[in-house]
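A short write-up of the structure that comes next.
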Amino acid sequence: MVRLITHNLLACHVKGCTRNNFPLLFENVQIEIQESDFNPDFLRNFMPKLEWKALVDAARQLGDTSLPLEQPEMVDEEFLKALHHVLLEIHVMEGAMVCQNCKHVYPISNGIPNMLLAEHEIG
Amino acid sequence: MSRPELIAPPEIYYGDTEAQKYTANSRIQQIQADMTYRALELLNLPPDEPSFILDIGCGSGLSGEILDEQGHIWVGVDIAPSMLEVALEREVEGDLFLQDIGQGFGFRPGSFDGAISISVIQWLLNAETSHPTSSPPHRLTRFFTTLHSALKNPSRAVLQFYPSSDDQIQLITSIAQKAGFGGGIVVDYPNSKKAKKVFLCLFVGSGGAQHVPQGLDGEVPEGAGDSVKFEKRREREKRRKENGAKRKGVKDKDWILKKKELYRRRGKEHVPNDSLYTGRKRRPAF
Ligand SMILES: C[S@@+](CC[C@H](N)C(=O)[O-])C[C@H]1O[C@@H](n2cnc3c(N)ncnc32)[C@H](O)[C@@H]1O
Ligand SMILES: [Zn+2]
């Protein structure tokens with residue numbers, strides 16, 4: 001169950017792949033929506049960790065356009081609800097994440113990405 | 001005690017049968033739950049607010065379900081597809097990844113508020129192959145350096161493990177230190193053969209404290225399964241059932257069966273040829 005909260009923290013970890021290795025791009029994805037408990041404090045604390053542009057792009061790629069292009073300075077309930085949905089309720093179940101730099105493909109099946117590297121890719 | 005890490009690689013040892021057996025064993029459930037509570041205590045997270053936690057070697061989610069119960073949001077990584085499959089079946093809340101921790105993590109700097117690992121890192125002390133990247137020191141270095149960078153400053157990682165010698169403790173702590181961690185080893189009930197537990201308690205920055213926490217000592221609480229703990233366990237089971245019921249609408253039986261089937265198929269793909277492992281002796285490289 002890759003959700004965007006985790007996708008937004010994930011860079012490629014193939015040996016030598018250290019530039020332009022974030023974000024991983026989604027390919028051929030199937031998603032599922034699953035409701036989860038809304039916790040505004042958690043979201044507020046989490047916001048500084050986010051790469052905003054990567055989050056907005058990924059959300060759009062998954063068909064969600066509720067987030068503003070710029071991270072807002074004023075955080076209201078409506079915004080936090082949208083953020084909650086994008087970060088925690090959209091589950092990518094099938095497809096792949098692909099590194100823009102080295103093109104390594106991390107397949108996702110059953111909601112679980114396969115992060116295993118081949119021997120020559122290990123740092 | 002038994003040393004499964006000397007028998008076969010983890011993804012082979014924890015195959016379908018063992019993953020089910022492991023998870024269904026009530027004694028194991030109890031022990032893993034107790035150690036997870038203790039690890040969370042040592043992690044010293046801010047009270048009453050959910051944190052974002054990495055569960056290293058999450059297995060079938062026995063440790064993760066305690067994180068759920070405590071309201072944390074978590075990510076779990078494990079190398080054994082069959083264990084992850086059981087975790088899916090049990091509907092834990094964390095995001096799960098199929099990952100070999102000895103290959104390191106790709107998480108951006110400062111991603112996690114803390115990390116726990118329950119009964120896992122002794123597996124890193126055994127060489128998988130003769131390739132240089134599979135030597136235990138190389139894998140431990142990769143693991144600790146990428147873990148250090150994935151954690152925010154200040155924060156902690158608490159890793160309970162089963163060392164088989166002081167040399168192993170020495171090797172693991174020295175590599176963790178070189179990776180930038182402070183902290184050290186906490187031993188609970190050092191004088192009890194049965195209750196003794198070793199926790200590697202690592203700090204990023206100050207870890208929010210000056211000193212390594214004290215191990216528990218003195219009287220070992222009446223049997224691992226005293227009534228208080230059983231009560232906790234029962235509550236947890238109950239909550240899990242209720243949650244399960246609540247979520248039924250989303251993840252129905254077909255959904256799970258489909259996932260399981262797909263996952264099993266993929267699990268099989270990861271099982272190397274018999275010849276690779278049959279009859280090969282596996283022992284620590286030092
Ligand atoms: C004793 S189980 C503990 C699982 C869980 N933490 C619990 O408390 O129940 C050990 C787990 O470590 C995992 N493991 C061993 N070596 C690993 C590695 N190199 N990378 C990721 N996981 C590993 C195994 O697959 C197994 O699920
Ligand atoms: Zn890459």
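The values are calculated or read from the model by the stated rules, or taken from the named source; none is laboratory data. Predicted model only: the values in this text are computed from it and were never measured. Note that each Cβ is placed from the backbone with ideal geometry, even for glycine, and that neighbours are counted across all protein chains shown. Accessible surface areas use protein heavy atoms only, side chains included; no ligands, DNA or RNA. Shrake-Rupley method; radii C 1.70, N 1.55, O 1.52, S 1.80 Å.
General remarks:
- Annotation note: of B:E89, B:E85, B:E93, the sole residue that is touching a residue at least 60 places away in the same chain (Cβ under 8 Å), more than 8 Å from ligand 1 (Cβ to nearest atom) and surrounded by fewer than 24 Cβ atoms within 10 Å (Cβ to Cβ) is B:E89.
- Filter result for B:R38 (more than 16 Å from ligand 2 (Cβ to nearest atom), open to solvent by 40 Å² or more (accessible area, probe 1.4 Å) and either basic (K, R) or not assigned by TED's automatic domain parsing to the domain that holds B:F203 (or both)): no
- The stretch B:45-74, residues that are away from ligand 1 (no atom under 16 Å from the Cβ) and either open to solvent by 10 Å² or more (accessible area, probe 1.4 Å) or β-branched (V, I, T) (or both): B:L45, B:P46, B:P47, B:D48, B:E49, B:P50, B:G71, B:I73
- Any pair with Cβ under 6 angstrom, 6 or more apart, that starts in the stretch B:102-121 at a residue that is under 15 Å from B:W74 (Cβ atoms) and ends at one that is within 16 Å of ligand 2 (Cβ to nearest atom): B:F105/B:T146; B:F107/A:L9; B:S111/A:L9
- Residue that is within 16 Å of ligand 2 (Cβ to nearest atom), at pLDDT 95 or above, in contact with a strand residue (DSSP E or B) (Cβ under 7 Å, 6 or more places away or on another chain) and of a type outside the set (V, I, T), where the choices are B:Q122, B:Q99: B:Q99
- Filtered by the rule that a residue be in contact with a Phe, Trp or Tyr (Cβ under 8 Å, 6 or more places away or on another chain) and more than 16 Å from ligand 1 (Cβ to nearest atom), the stretch A:8-25 gives A:L9, A:L10, A:A11, A:C12, A:L24.
- Look at (1) buried (at least 24 other Cβ atoms within 10 Å of the Cβ); (2) at the interface with chain A (Cβ under 9 Å from one of its Cβ atoms) and you find that B:Q160 fails only one, number (2).
- Residue match in the stretch A:26-43 (condition: away from ligand 1 (no atom under 16 Å from the Cβ), among the aromatic types (F, W, Y) and touching an Asp or Glu at 6+ places or on another chain (Cβ under 9 Å)): yes
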